[in-house]
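Throughout, read-outs are computed from the coordinates displayed, never taken from laboratory work. Everything numeric here is computed off the predicted structure, so don't read it as measured data. So basically every Cβ, Gly included, is an ideal-geometry build from the backbone, and we count neighbours across all protein chains shown.
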Amino acid sequence: MTERFHVQWTPHDGPPQRIIFEPADEDRNEDNDKDVDEDKNRDKEDEEDEDEVWHRITELWDGKTWSRTNFEVVEDPSVYAPAPPRDIETEQTPPTLEELLEETQMTWRRNKQKALVFNQPTGPLVVASPYTYPRCNSDQLATNQPISMKQLQMLVRQVGLPSVESLEEMRFSTRDFLRGDFNA
């Protein structure tokens with residue numbers, strides 16, 4: 001194996017994660033002594049192939065980018081997996097928070113508004129972006145509050161990516177997110 005590969009998954013209650021294996025770029029000292037017979041050279045090349053040095057990188061999706069959480073030097077990684085069906089993409093990048101917010105913002109011009117829902121232990125936190133800036137609401141808040149992208153990224157790291165749901169299915173109405181002037 002000489003090419004980079006990774007394994008990616010989304011836990012039930014957390015953000016998407018992945019482990020990347022990539023070859024380390026190391027200068028190998030090769031014995032260039034011409035007096036050594038060919039059999040010894042072949043044995044040395046076989047040993048070098050067996051001891052390939054790789055980097056194992058663990059990353060976490062924060063709603064915007066992959067963030068490195070761990071780095072380790074390893075030797076000889078191997079993977080077994082059945083071949084995927086031809087119609088399945090093998091590399092997937094989760095949607096960004098900007099993409100999810102834009103998807104919900106487009107619905108505010110129609111009758112069926114949608115919002116992002118973060119499932120927290122204390123109850124759902126609902127985020128909508130009827131105008132320029134996102135706002136959040138929950139059972140613990142008296143009214144909607146502005147929420148920054150940095151706060152949303154922290155939420156993704158804590159509880160995972162939000163789902164996109166219709167406001168009709170929640171206890172909040174469009175008026176709950178239109179009150180207040182947070183776009184200034």
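What is the gain in length, in nm to one decimal, between residue 159 and residue 58 on full extension, counting 0.36 nm per residue of separation less the C-alpha to C-alpha distance?
Working: separation 101, 0.36 × 101 = 36.36 nm, distance 1.81 nm.
Residue separation times 0.36 nm, minus the Cα-Cα distance, leaves 34.6 nm.
Which chymotrypsin sites (Phe, Trp or Tyr not before Pro) in region 80-158 sit in a loop by DSSP (not H, G, I, E or B) and have at most 15 other Cβ atoms within 10 Å of their own Cβ?
Numbers: sites: 80, 108, 118, 131; in loops: 80, 108, 131.
Filter output for region 80-158: 80, 131.
I want to check the label-to-label distance for residue 7 and residue 83. Put each point 7 Å from Cα in the C-beta direction and report it in nm to one decimal.
Going by the 7 Å Cα→Cβ label model, 2.2 nm.
Using modelled amide H (1.01 Å from N, peptide plane; none on Pro or chain starts), what sits under 5 Å from the amide H of residue 108, excluding residues fewer than 5 places away?
114
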